[in-house]
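Remarks on the structure that follows.
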2 protein chains.
Amino acid sequence: MTTLQTPNTAFHNGIFEHISKIRVPVDSLIANRAYGAYEFLRINHSIPFYLDRHLERFFKTLDILRLSVQFQRVEIEQIIHGIIQKNGISDFYIKLFAVPESSNKAVNPSELFIIPCQFPDYPGEMYQNGANLILKEYSRFLPEAKTTNYVASVYWQHEMDEKQAIDVLYFAGDEVFETSRGNLFLVKGNEIYTPDKNILKGITRSIVMDLASEENPVKELAISVRNLFWADEIFITSTTKKIMPIVKIKNATIGDSLVGPVSKKILSLYNNKLNMRN
Amino acid sequence: MTTLQTPNTAFHNGIFEHISKIRVPVDSLIANRAYGAYEFLRINHSIPFYLDRHLERFFKTLDILRLSVQFQRVEIEQIIHGIIQKNGISDFYIKLFAVPESSNKAVNPSELFIIPCQFPDYPGEMYQNGANLILKEYSRFLPEAKTTNYVASVYWQHEMDEKQAIDVLYFAGDEVFETSRGNLFLVKGNEIYTPDKNILKGITRSIVMDLASEENPVKELAISVRNLFWADEIFITSTTKKIMPIVKIKNATIGDSLVGPVSKKILSLYNNKLNMRN
């Protein structure tokens with residue numbers, strides 16, 4: 001196993017600084033009130049992967065939360081390239097935070113924090129054998145905004161660990177929406193289905209929709225809990241998980257409990273994108 | 001108007017420090033994941049008001065979140081008395097935070113932060129004329145835990161300001177639960193009603209139940225949205241708002257739109273408690 005290099009140069013308040021200096025008051029809106037815009041992306045072979053789509057979503061989140069940062073999109077792009085250069089590492093992840101300055105309520109402007117981080121890839125066997133999900137009743141507040149509110153996700157991590165699940169799938173009423181940190185896809189025959197509403201529109205989700213468009217069109221529509229066990233294949237998508245096949249949800253097997261051909265094909269197309277260096 | 005003195009000595013990591021030094025990493029569980037235990041109490045004439053009940057609830061929140069701090073209850077009491085002494089101010093507020101150390105998931109132990117803060121009292125006219133609420137569909141995750149997750153509260157602050165509302169009342173289905181930072185009470189005849197489930201059990205709520213017990217017994221039960229407009233009087237309770245009469249919810253007046261006798265009586269009994277210096 002190769003040791004991952006840890007990036008440690010971050011950006012805050014107009015300057016590049018060591019990540020240990022990037023701190024916020026404990027009674028700030030982001031810490032005391034869970035109110036902050038968030039974005040997360042992959043640096044792939046020294047290039048930010050689908051940066052345009054991530055920044056578009058970051059600004060959409062800012063709009064939903066009624067926040068703004070004192071940087072234009074092109075300036076944020078430059079800062080991210082500065083972080084890549086200063087850290088001298090080709091493959092890592094980046095987190096963006098917009099933290100409102102007021103400690104009472106959300107007001108403009110917000111402070112922009114950009115920090116690098118590192119996570120190991122999920123093991124190859126997981127992509128070959130498939131992973132498990134747990135299922136919980138929950139729906140995210142302001143689902144189309146990527147905020148720092150992951151309290152349910154952290155709370156259920158305990159049960160995920162116990163049941164060796166990779167993530168928790170959220171449902172409400174009879175409808176399933178998304179996992180705590182990813183999007184859901186069902187495969188039936190040649191068709192691929194994904195929930196259309198009350199979700200964070202993932203960037204990996206959007207890439208899958210591009211990749212799958214020809215032979216396996218993706219249909220966005222409401223998906224019921226029952227549909228999960230009718231599907232031939234299920235996979236979830238996220239920046240760190242890529243295209244992760246799911247073979248079990250809450251003790252029930254999906255399809256024939258093996259990773260199916262459509263999941264494999266989409267993963268392979270996605271990995272080609274990563275290998276193409278964008 | 002008297003100028004409020006601002007306390008600035010806080011506690012973290014075993015020592016008393018200036019509040020400006022009390023900071024957390026932006027990618028900590030409390031800032032990046034909204035996962036932290038929280039408590040808030042009043043220092044009244046140099047004495048923590050109902051400290052026992054607040055600490056009991058803080059430890060209950062820790063249990064629910066599966067967190068722990070490396071301090072016993074009696075040690076936390078001593079730290080709070082230290083903060084009162086070092087700040088040399090008799091009337092202010094205190095926030096407690098337990099912040100998990102891991103940046104990935106909730107694990108023991110957590111770091112304990114205790115910081116002082118100051119807010120002006122609500123104006124006397126508001127207690128005489130009554131305040132307004134807005135009404136929104138929402139239910140808090142882990143309602144019996146006091147966490148730092150106030151994202152909905154901050155999000156709706158904009159509309160509260162627009163409509164000159166003091167708080168937002170949450171409902172789900174046909175049932176009302178609590179406001180974003182307080183508990184709900186309805187008065188009908190001599191009886192007082194308050195929601196029984198899916199709420200944070202407020203300390204001011206518990207004091208009202210003590211104070212009201214003789215002439216006006218409090219009944220805990222499910223309350224529907226319709227019940228709001230059937231009530232003679234409504235008030236909400238919180239550490240900063242005390243007993244705040246509500247005369248309007250979402251454009252509809254409550255009772256005869258005047259502050260009623262039961263609300264006035266409970267407020268007066270509560271103010272006596274504060275004046276008695278505990």
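The values are calculated or read from the model by the stated rules, or taken from the named source; none is laboratory data. In this text the structure is predicted, and so the values were computed from the model without any measurement. Because the Cβ atoms are built from the backbone with ideal geometry, glycine has one as well, and the counts that use them run over all protein chains shown.
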message: Please count how many residues of region B:245-278 are touching a His at 6+ places or on another chain (Cβ under 9 Å) and polar (S, T, N, Q).
response: 2
Of residues in region B:160-201 being among the polar types (S, T, N, Q) and either under 18 Å from residue B:134 (Cβ atoms) or not assigned by TED's automatic domain parsing to the domain that holds residue B:267 (or both), the one surrounded by the fewest Cβ atoms within 10 Å (Cβ to Cβ): B:164
task: Would you please name the residue that is modelled with the lowest pLDDT, looking only at residues in region A:1-36 that are aliphatic (A, V, I, L, M) and out of contact with any helix residue (DSSP H, G or I) (no Cβ under 8 Å at 6 or more places or on another chain)?
output: A:1
- line: (1) β-branched (Val, Ile, Thr); (2) assigned to a loop (DSSP other than H, G, I, E, B); (3) in contact with a Lys or Arg (Cβ under 7 Å, 6 or more places away or on another chain) all hold for residue B:199 apart from (3)
- prompt: Only one of these conditions is not met by residue A:157: (1) within 14 Å of chain B (Cβ to nearest Cβ); (2) modelled with pLDDT of 95 or more; (3) surrounded by 22 or more Cβ atoms within 10 Å (Cβ to Cβ). Which number is it?
  reply: (2)
task: Name the one entry in A:90, A:28, A:68 that is farther than 25 Å from residue B:155 by Cβ and polar (S, T, N, Q).
output: A:90
task: Can you confirm whether region B:129-142 contains a residue that is without any contact (Cβ under 8 Å) to a residue 24 or more places away in the chain and over 22 Å from residue B:195 (Cα atoms)?
output: no
message: Quick check on region A:123-144. Is at least one of its residues assigned by TED's automatic domain parsing to the domain that holds residue A:182, among the hydroxyl-bearing types (Ser, Thr, Tyr) and either within 29 Å of residue A:174 (Cβ to Cβ) or in contact with a Phe, Trp or Tyr (Cβ under 8 Å, 6 or more places away or on another chain) (or both)?
response: yes
- prompt: With (1) over 22 Å from residue B:242 (Cα atoms); (2) of a type outside the set (A, V, I, L, M, F, W, C); (3) crowded, with 18+ Cβ neighbours inside 10 Å as the list, and residue B:70 as the residue in question, which single condition is left unmet?
  reply: (3)
- request: Return yes when residue B:76 is in a helix (DSSP H, G or I), facing chain A (nearest Cβ under 10 Å) and β-branched (Val, Ile, Thr) and no when it is not.
  value: no
task: Could you figure out which of (1) at pLDDT 95 or above; (2) out of contact with any strand residue (DSSP E or B) (no Cβ under 8 Å at 6 or more places or on another chain) isn't true of residue A:211?
output: (1)
Checking residue B:255 against (1) out of contact with any Asp or Glu (no Cβ under 6 Å at 6 or more places or on another chain); (2) assigned to a loop (DSSP other than H, G, I, E, B), the condition it does not meet: (1)
task: Sort out which residues of region B:2-29 are away from chain A (no Cβ under 12 Å), without any contact (Cβ under 8 Å) to a residue 40 or more places away in the chain and not β-branched (Val, Ile, Thr), and write them in order of number.
output: B:14
message: Going by what's in this entry, would residue B:131 be described as out of contact with any Lys or Arg (no Cβ under 7 Å at 6 or more places or on another chain) and within 11 Å of another protein chain (Cβ to nearest Cβ)?
response: no
task: From A:225, A:247, A:218, grab the single residue that is in contact with a Ser or Thr (Cβ under 7 Å, 6 or more places away or on another chain), over 17 Å from residue A:53 (Cβ atoms) and surrounded by 14 or more Cβ atoms within 10 Å (Cβ to Cβ).
output: A:247
field: Residue satisfying condition, being of a type in the set (Lys, Arg), within 13 Å of chain A (Cβ to nearest Cβ), under 23 Å from residue A:147 (Cβ atoms) and under 13 Å from the mean Cα position of the chain (by Cα), within set B:140, B:181
entry: B:181
Matching residues, region B:202-243, being outside any loop (DSSP other than H, G, I, E, B) and more than 30 Å from residue B:117 (Cα to Cα): B:218, B:219, B:220, B:223, B:224, B:225, B:226, B:227, B:228, B:233
query: Does region A:84-107 include one or more residues that are under 30 Å from residue B:97 (Cβ atoms), away from every other protein chain (no Cβ under 14 Å) and buried (at least 16 other Cβ atoms within 10 Å of the Cβ)?
result: no
task: Scan region B:137-187 for residues that are in a loop (DSSP other than H, G, I, E, B) and farther than 25 Å from residue A:66 by Cα and jot them down.
output: B:142, B:143, B:144, B:145, B:146, B:173, B:174
- prompt: Can you pull out the residues in region B:183-236 that are aromatic (Phe, Trp, Tyr) and more than 30 Å from residue B:58 (Cβ to Cβ)?
  reply: B:229, B:230
Residue check for residue B:199: in contact (Cβ under 8 Å) with a residue 40 or more places away in the chain and under 17 Å from residue B:170 (Cβ atoms): yes
task: State whether the residues of region B:86-108 include one that is assigned by TED's automatic domain parsing to the domain that holds residue B:33, out of contact with any Asp or Glu (no Cβ under 9 Å at 6 or more places or on another chain) and among the charged types (D, E, K, R).
output: yes
Residue selected from region A:36-47 under the condition among the small types (Gly, Ala, Ser) and within 14 Å of chain B (Cβ to nearest Cβ), by the criterion surrounded by the fewest Cβ atoms within 10 Å (Cβ to Cβ): A:37
- request: Scan region B:143-158 for residues that are free of Cβ contacts under 8 Å to residues at least 24 places away in the same chain and of a type outside the set (A, V, I, L, M) and report the count.
  value: 3
field: Tally of residues being more than 14 Å from every other protein chain (Cβ to nearest Cβ) and not in a helix (DSSP H, G or I) across region A:48-67
entry: 3
